[in-house]
1. I need to check one value: relative contact order of the stretch 121-226, counting alpha carbon pairs closer than 8 Å and at least 6 residues apart, in percent.
2. Among the lysines, select those whose C-alpha is under 27 Å from the C-alpha of LYS132, and discard any that sit fewer than 8 residues away in the same chain.
3. Can you give the FRET efficiency to the nearest 0.05 for SER305 and ILE130, using r as the Cβ-Cβ distance and R₀ = 22 Å?
4. Give the share of C-alpha pairs in each 5 angstrom bin for the stretch 146-200, from 0 to the last occupied bin, in whole percents, shortest bins first.
5. Which whole-Hz couplings ³J(HN,Hα) result when phi for each residue of the stretch 156-173 is put into the Karplus expression 6.51 cos²θ - 1.76 cosθ + 1.60, θ = phi - 60°, listed in order with x for Gly and Pro?
6. Just to check I understand the Karplus step: with θ = phi - 60° and J = 6.51 cos²θ - 1.76 cosθ + 1.60, what whole-Hz values come out for the stretch 191-204, glycine and proline as x?
7. Return, ordered by residue number, the residues of the stretch 182-202 whose backbone nitrogen is under 16 Å from a label point located 7 Å along Cα→Cβ of GLU167.
8. Using mean Cβ contacts within 10 Å as the protection proxy, how do 287-296, 241-250 order, highest first?
Amino acid sequence: MEEFQAHNPSRWSVVIVFMVIFGLIGGIFYWAFFLNIGSVVVSASRDFQLLVDDDVLECPLRCQIELPVGSHQFVASVEGYYNETFKRTIVIGDRLEVELDFHLIPYLKDEVDFPETEEEDEYILKASSIGKDLVRISSGERLVSFESLKNPVLDAGGNIVSVVDEERLFLVNVENKRRRRLFDDSVLVQQALVSDGGERVLLHVVVDQQSQMWVWEPSVDALTPLSEYEKMDRVVWFPGEDYKLLMVVDDVELYKDGGLLDDLVASVSGPEPVVGLISFNLDTLEAEILNEFEIGAPTRIIRLSDGVFLEYSASEYQELVVRE
């Protein structure tokens, strides 16, 4: 009977096995750390700080970040500006570019002089043989005619011009040169303010002896009554926005977290209401409190082409800076 003898692998066989094992491990690490990645280039017009998942980077105008495949969360911040938050999904070999546009957090300047320059109107009403014509000042083009206007007040934004006269409201689309009257005599229109892009019109109306604020969207013929009401001289459109209002409100607590009902209960039994300056987002129905006035509250808010101003009882003014 043949005796069994154990086979001992040669030294070179062992070396080859270890080389294969190390090669596989090295390949996995190489794939994980060098091939299984992509990059994101984030840039802005100013230096910023960037939080990527749990890592914080200081970015002098631009950062290029190598990241493994998958979804990643980014938060970019600059002092005095709103944070920019975004997500990106990385695939192998990808190179994504993100351009940031930081928006200034509005702030009040110290006491300023009110601008003395007159506002330049884009449209004007001129007398004609049948009444008055709406005319584009820059070209002299006559857009539409009105038969009987007594004390018209114009406002314009985008392709929309509002004409309020004797508590009637007319909207004119200057692109197709059509006008229409909104509402019958049961709705008394006190004021119409057109957003800069012409997408929305803020209306102060009286219906059944009740003062209300409505928002009209001309492009879709949609009317939205607002649950809040603020005086006409204390509400303006946020410059450059079609979805946001600036308001001076009598009780800022009503716009804080906790719900309107809770705030109403608190306001009955709590301290005296505090006047506040807020921006109100019509899309989300959320308010951002920009300032609270314990004493010396503003009496009205004024929107001019030169900016936004708060007027106080002693004819003093502060400018609300909303753009650089």
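Here, each number is a calculation from the coordinates, and none is a lab measurement. Keep in mind it's a predicted model, so treat the numbers as computed, not measured. Using ideal geometry, Cβ is built from the backbone for each residue, glycine included, and neighbour counts are taken over all protein chains shown.
1. Working: 233 pairs, mean separation 15.9, N = 106.
Worked out over the stretch 121-226, it gives 15 percent.
2. Within the straight-line limit of under 27 Å, LYS132 reaches these lysines: LYS150, LYS177.
3. Working: r = 32 Å, r/R0 = 1.46.
According to the calculation, E is roughly 0.10.
4. 5, 21, 30, 27, 14, 4
5. 8, x, x, 9, 10, 10, 9, 10, 9, 8, 6, 6, 10, 10, 10, 10, 10, 8
6. With coefficients 6.51, -1.76 and 1.60, one gets 7, 9, 10, 8, 5, 4, x, x, 7, 9, 10, 8, 10, 9 Hz.
7. 182-192
8. Going from most to least packed, we get 241-250, 287-296.
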